[in-house]
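Engineer: Can you keep this structure in mind? I'll have questions shortly.
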């Protein structure tokens, strides 16, 4: 089992299930409800990945056929357990998605687990947590309870993963990039006072409101001390390899140095 060490000295082990979830995320274009249902029906990402590999082209016909039947049954089971229903059109969509997933598997740079762990963590500069990890934010389950969107299979991060579960009542403070001076001051003060009360503040790392909120938390931590104040987490949509804007680089570095985290699915 490999471990990657983040800038706060914490280690986050990448076990087989987490690696499988990272690989399955690589197969997707976005959070995919069909993949979520499939894993739910099978029971583990590791087994799901193996079945997808077995069902793809190049395998013995008997192996591929058996894997496809198992995947179909698991998908129906997962959809049902999720409280949804499936029809012939939905199954056709699932089969189309499977073809895409199988193709993406063939484009991985390696099949060696250790090499994949190094690749997915960009040489150990990022960590990955999955739902079975103690630092997984349980609030993400809401995404699957109230909508047809799926929760992420895993999260990539930099900084301290413990920030994700550092508070039972996190608060999101987000808003316009072109916020007025008054609006920016309000976001900064709101986040600062909430952090002084111990709340984790979540925002998007963007210019304007988001940056004001993050800086408000950092000020609170500097004023009353890190053990008492809440932390801050910045969530990015497009992965951590190209986070921005560039003008906020000092902010991102300060979030990490103040025991916070930068995350993305």
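No value in this document is a laboratory result; all are computed from the given coordinates. Bear in mind the structure is a predicted one, so any value in this text is a computation, not a measurement. Cβ atoms come from the backbone with ideal geometry, glycine included; neighbour counts cover every protein chain shown.
Engineer: Which whole-number percentage describes the relative contact order of the stretch 13-113, with Cα contacts under 8 Å and a sequence gap of 6 or more?
Structural biologist: Computed value for the stretch 13-113: 33 percent relative contact order.
Engineer: Quote the Stokes-Einstein diffusion coefficient, in whole µm² s⁻¹, for the stretch 13-113, based on the Kirkwood radius over alpha carbon pairs, a temperature of 4 °C and a viscosity of 1.567 mPa s.
Structural biologist: It diffuses with D of about 94 µm²/s by this estimate.
Engineer: Still on this structure, please answer the following. State, to one decimal in nm, how far the label point of residue 222 lies from the label point of residue 122, with both points 7 Å from Cα in the Cβ direction.
Structural biologist: 2.6 nm
Engineer: Moving on to the next point. Take 15, 210 and order them by how many other Cβ atoms sit within 10 Å, fewest up front.
Structural biologist: 15, 210
Engineer: How big is the Kirkwood radius of the chain, worked out from every pair of different alpha carbons and given in Å to one decimal? Could the numbers behind the result be given before it?
Structural biologist: Numbers: mean 1/r = 0.0504 Å⁻¹.
Taking every pair of different Cα atoms in the chain, averaging 1/r and inverting gives 19.8 Å.
Engineer: I've got another one for you. Please sort 258-265, 95-102, 173-180 by packing, taking for each peptide the average over its residues of neighbouring beta carbons within 10 angstrom, highest first.
Structural biologist: 258-265, 95-102, 173-180
Engineer: If I take R0 = 22 Å and measure r between the Cβ atoms of residue 16 and residue 84 in this structure, what FRET efficiency does the formula 1/(1 + (r/R0)^6) give, to the nearest 0.05?
Structural biologist: Given R0 = 22 Å and the Cβ-Cβ separation, E is 0.20.
Engineer: Based on the mean of other beta carbon atoms within 10 Å per residue, what is the order of 219-228, 54-63, most packed first? Present the calculation step by step, with values, prior to reporting the outcome.
Structural biologist: Numbers: 219-228: 14.6, 54-63: 12.4.
Peptide ranking by packing, descending: 219-228, 54-63.
Engineer: While we're here: Taking a quarter of the surface of the convex hull around the Cα atoms of the stretch 158-264, what do you get in nm²?
Structural biologist: 5.9 nm²
Engineer: Using alpha carbon centroids, what distance separates the stretch 218-265 and the stretch 48-110, in Å?
Structural biologist: Answer, in whole Å: 38.
Engineer: Hey, fewest Cβ within 10 Å first, where do 232, 121 land in order?
Structural biologist: Ranking 232, 121 by Cβ neighbours within 10 Å, fewest first, gives 121, 232.
Engineer: Just subtract the alpha-carbon distance of residue 138 and residue 26 from 0.36 nm times their residue separation and send over the number in nm, one decimal.
Structural biologist: Full-extension gain reported as 38.1 nm.
Engineer: What is the order of 52, 240, 71, fewest Cβ neighbours within 10 Å to most?
Structural biologist: 240, 71, 52
Engineer: Taking 8 Å as the Cα distance limit and 6 or more residues as the minimum spacing, I'd like the relative contact order of the chain as a percentage.
Structural biologist: 18 percent
Engineer: So for the pair residue 149, residue 103, with labels modelled 7 Å out along Cα→Cβ, what separation do we get in nm?
Structural biologist: Between residue 149 and residue 103, the simple spin-label model gives 2.6 nm.
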